[in-house]
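Data first, discussion second: the structure below is written as structure tokens.
The values are calculated or read from the model by the stated rules, or taken from the named source; none is laboratory data. This one's a predicted model, so the numbers in the text were calculated from it and none came from an experiment. A quick note on method: Cβ atoms are made from the backbone with ideal geometry, for glycine too, and the neighbour counts reach across all protein chains shown.
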Amino acid sequence: MSSYDGVYNVKAVSNLLGIQPGTLRAWERRYKMIAPKRNEAGHRIYSEEHIDILKWLLNKVDQGFTISQAVTLLENNQISVHNQSEMKSNKVEPDYSNVLMDELLQSLLNFDETEANERLNRAFSLFSVDKVVFDMLNSLLHQIEIQFDKGIITAAQMNFAFSFIRSRFGIILHTLPVEGLLPKVIAICGPNETYELGLLTLTIFLRRMGFEVIYIGASISDNDFGNVIENLKPAFLFLSCHKGENVEKIINLVDDLLKRYQQLHIGIIGREMSKGNSLNHSQLGKYLIGDHKVQWKKWLKEKLDD
């Protein structure tokens, strides 16, 4: 049996580690340091890997760290959960989340979909959805782009990797509930844009925040933007721009939409937008939301507080 398979229920973990079930659940909800699977009855089931992580955290708490400090240390300097002797001696190895992403990247560059699925499944079994999607995979996507730009990997390798991650993002998106607790949002690629991964990452983030997000994805005609906005009446419109040749088009689109829908909040993401050239920031600065969840939260808070 794999050490990633769930074998312990909450009571067993409580007895084994001396931690109250309520405390364990509270830690999971607040800090998301592990993501136990659930059995057919809906009960949490913990693996040997989860036990190792919890033991390490409890040891740090016994040493005088707060649980939040211990979790931060875990995420910044992830221990190797494969080596019990190193766990006990508190040696800190390179971030295990980075190790997993390096392994996933190699699987993708080798066009090995089966192995890639196994490695990504392992990441989801050990870490929360938020950490895997917004930290680990987001960084991996940037790494792939950089390697392609430098000629280290081929277009075929990049496209295969993007297609694989796109399919997994789609599964996550369509399994998230549409709660609609916060304002309605539309997410669309900018004019002539086809790259969706950045926009999908943002959409998953917004869904988990409680926004009612309508994901359209691939670019639509300029005329259709008005029809979509008038029919759906969103509070926010998010656009992506990945190609430099489309920056001017997105500037013109934003200008036109804001003349017609003055109450609409528009946010823009994408590689070309994040480069920070003078054209982008002089004409689109207040619409640029950044490329990470910390920046997204800050931008959204400012708009919601208006």
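So how many residues does segment 106-159 have that are under 19 Å from Lys243 (Cβ atoms) and touching an Asp or Glu at 6+ places or on another chain (Cβ under 9 Å)?
2
Filter segment 252-270 for residues that are assigned to a helix (DSSP H, G or I) and either modelled with pLDDT of 95 or more or buried (at least 18 other Cβ atoms within 10 Å of the Cβ) (or both) and give the result. Spell out how you get there, then give the answer.
Of segment 252-270, the ones assigned to a helix (DSSP H, G or I) are 252-260.
The answer is Leu253, Val254, Leu257.
When the residues of segment 100-138 are filtered to those that are small (Gly, Ala, Ser) and touching a residue at least 40 places away in the same chain (Cβ under 8 Å), which remaining residue is surrounded by the fewest Cβ atoms within 10 Å (Cβ to Cβ)?
Going through segment 100-138, the residues small (Gly, Ala, Ser) turn out to be 107, 116, 123, 125, 128.
Checking the rest, the ones that are also touching a residue at least 40 places away in the same chain (Cβ under 8 Å) come to 116, 125, 128.
Working: Ala116: 23, Ser125: 20, Ser128: 16.
Looking at the filtered set, the residue picked out is Ser128.
Looking at Glu145, Glu193, which is the one that is in contact (Cβ under 8 Å) with a residue 24 or more places away in the chain, assigned to a helix (DSSP H, G or I) and not hydrophobic (A, V, I, L, M, F, W, C)?
Working: Glu193 fails: assigned to a helix (DSSP H, G or I).
So the residue among Glu145, Glu193 that is in contact (Cβ under 8 Å) with a residue 24 or more places away in the chain, assigned to a helix (DSSP H, G or I) and not hydrophobic (A, V, I, L, M, F, W, C) is Glu145.
Could you list, in sequence order, the residues of segment 217-266 that are hydroxyl-bearing (Ser, Thr, Tyr) and over 22 Å from Pro183 (Cβ atoms)? Reasoning before the result, please.
Let us first name the residues in segment 217-266 that are hydroxyl-bearing (Ser, Thr, Tyr), namely 219, 221, 240, 261.
Matches in segment 217-266: Ser219, Ser221.
I'd like to know if segment 151-168 contains one or more residues that are part of a helix (DSSP H, G or I), surrounded by 20 or more Cβ atoms within 10 Å (Cβ to Cβ), touching a residue at least 24 places away in the same chain (Cβ under 8 Å) and assigned by TED's automatic domain parsing to the domain that holds Thr114.
Restricting attention to segment 151-168, the residues satisfying the condition of being part of a helix (DSSP H, G or I) are 155-168.
Keeping just the survivors that are surrounded by 20 or more Cβ atoms within 10 Å (Cβ to Cβ) gives 161, 165.
Among the residues that remain, those that are also touching a residue at least 24 places away in the same chain (Cβ under 8 Å) are: 161, 165.
Still in the list and also assigned by TED's automatic domain parsing to the domain that holds Thr114: 161, 165.
Within segment 151-168 (the criterion being part of a helix (DSSP H, G or I), surrounded by 20 or more Cβ atoms within 10 Å (Cβ to Cβ), touching a residue at least 24 places away in the same chain (Cβ under 8 Å) and assigned by TED's automatic domain parsing to the domain that holds Thr114), the answer is yes, since at least one residue qualifies.
When the residues of segment 207-236 are narrowed to those that are within 21 Å of Asn252 (Cα to Cα) and touching a helix residue (DSSP H, G or I) at 6+ places or on another chain (Cβ under 8 Å), which ends up modelled with the lowest pLDDT?
Applying the filter and picking the extreme gives Asp222.
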